[in-house]
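The values are calculated or read from the model by the stated rules, or taken from the named source; none is laboratory data. Fair warning: this is a prediction, and the values are worked out from it, not measured in the lab. Glycine also receives a Cβ, built like all others from the backbone with ideal geometry; neighbour counts cover every protein chain displayed. Heavy atoms of the whole protein, side chains included, go into the accessibility calculation; ligands, DNA and RNA do not. Shrake-Rupley method; radii C 1.70, N 1.55, O 1.52, S 1.80 Å.
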Amino acid sequence: VLLVVIRPSLRGRPQRFWLNVAVFGAVLAALNLSLYEAIARVPLSTAVTLQFLGPLALALLGIHRRLDVVWVLAASAGVVLLTGGPAGGSDAGIAFALLAAAITAASVLMARRVASESRGLDGLALAIAAAAVLTLPVTIPATFNTREAADLAIVGAVGVLGIAVPYALEYAAIRLVSVKAFSVLLSLDPAIAALAGLAWLGQTLAPAELLGIGLVVAASAGVMGSRSPP
């Protein structure tokens, strides 16, 4: 979809650009595979909260204030409350979510690098195309095994609404703010995931788990408040 809409230029690109696009594509493929494996095993809010510990860790890099220790402890307590509750899910699901957290941090850095070497959304469109190629061994058999057109339509909607559109918005934002600010704002997603899980998936959380999400979000806001003015 992005290749058709963006129509990125392929000429005059240095070898380093293509290498970064390939790495970025591999990171995006690994990120989505690990995140969806987590969502299959744990509630949406749990998976997303754990995933965005990666951006939160990026935001904490380079900050050396005593107050930041409080935010680290708050985020850690939030993780303990979230993963130890009745809706916490399987150990494998939590492991996949934590893997997604590490890969998310890498994706933020790679997005910044590719964005600095390209114009518009060219780099993102090419990286997602690379990710699509890398996942063909999984997607081709799944496509042929899916006989219901409605299922394929849902998958297409997820591709557009869950990957193409949000990644395009994030990719545009990464040019306008620092990696630290971008990471912290991205870390606010757990609250949205909790609401979405409740509204559309009927996933309810215990008070302790809601408190855990709140602590992670509060830690993100606290780190943002600790940043020096630009």
For this session: Tell me, yes or no, whether segment 175-191 has at least one residue that is modelled with pLDDT under 80, touching a Lys or Arg at 6+ places or on another chain (Cβ under 6 Å) and crowded, with 17+ Cβ neighbours inside 10 Å.
Result: yes
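Quick test for you: out of 225, 159, pick the one residue that is open to solvent by less than 80 Å² (accessible area, probe 1.4 Å) and at pLDDT 85 or above.
Details: 225 fails: at pLDDT 85 or above.
Being open to solvent by less than 80 Å² (accessible area, probe 1.4 Å) and at pLDDT 85 or above holds for just one of 225, 159, which is 159.
Count, please, the residues in segment 122-145 that happen to be part of a helix (DSSP H, G or I), within 27 Å of residue 14 (Cα to Cα) and open to solvent by less than 70 Å² (accessible area, probe 1.4 Å). Walk me through how you get there before you give the answer.
Within segment 122-145, the first condition is being part of a helix (DSSP H, G or I), and the residues that meet it are 122-134, 136-145.
Filter once more, so that each one left must be within 27 Å of residue 14 (Cα to Cα): 122-134, 136.
From what is left, the residues that are open to solvent by less than 70 Å² (accessible area, probe 1.4 Å) are 122-132.
Looking only at that region, the number is 11.
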Exercise. Out of segment 162-173, which residues are open to solvent by 40 Å² or more (accessible area, probe 1.4 Å) and free of Cβ contacts under 8 Å to residues at least 40 places away in the same chain?
Worked result: 165, 169
Seminar exercise, completed: Taking first residues from segment 27-42 that are open to solvent by 60 Å² or more (accessible area, probe 1.4 Å) and second residues anywhere that are assigned to a loop (DSSP other than H, G, I, E, B) and not acidic (Asp, Glu), the pairs with Cβ under 8 Å that are 6 or more apart or on different chains are 33/135; 41/89; 41/90
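Given the criterion open to solvent by less than 80 Å² (accessible area, probe 1.4 Å), part of a helix (DSSP H, G or I) and of a type outside the set (Asp, Glu), identify the matching residue among 73, 82.
On the way: 73 fails: open to solvent by less than 80 Å² (accessible area, probe 1.4 Å).
The match here is 82.
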Problem set entry | Breaking point among (1) touching a residue at least 40 places away in the same chain (Cβ under 8 Å); (2) open to solvent by 60 Å² or more (accessible area, probe 1.4 Å), for residue 18 | (1)
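Being within 30 Å of residue 198 (Cβ to Cβ), at pLDDT 80 or above and in a loop (DSSP other than H, G, I, E, B) narrows it down to one residue among 41, 11; which is it?
Details: 11 fails: within 30 Å of residue 198 (Cβ to Cβ).
Going through 41, 11 in turn, the sole match is 41.
Do we have any residue at all in segment 148-161 that's under 19 Å from residue 54 (Cα atoms) and not aromatic (Phe, Trp, Tyr)? Full working, then the answer.
Pass one, segment 148-161, residues under 19 Å from residue 54 (Cα atoms): none.
No.
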Exercise. When residue 98 is evaluated against the numbered criteria (1) open to solvent by 60 Å² or more (accessible area, probe 1.4 Å); (2) free of Cβ contacts under 8 Å to residues at least 40 places away in the same chain, which criterion, by number, is the only one it fails?
Worked result: (2)
Exercise. Among the helices (runs of 4 or more DSSP H) contained in segment 146-214, which hold 3 or more residues that are small (Gly, Ala, Ser)?
Worked result: 149-159, 165-173, 189-201
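Quickly run through segment 43-70 and pick out the residues that are small (Gly, Ala, Ser) and open to solvent by 20 Å² or more (accessible area, probe 1.4 Å). If you could, list the steps in order and put the result at the bottom.
Applying the first criterion (small (Gly, Ala, Ser)) to segment 43-70 yields 45, 47, 54, 57, 59, 62.
Of everything in segment 43-70, those that are small (Gly, Ala, Ser) and open to solvent by 20 Å² or more (accessible area, probe 1.4 Å) turn out to be 57, 62.
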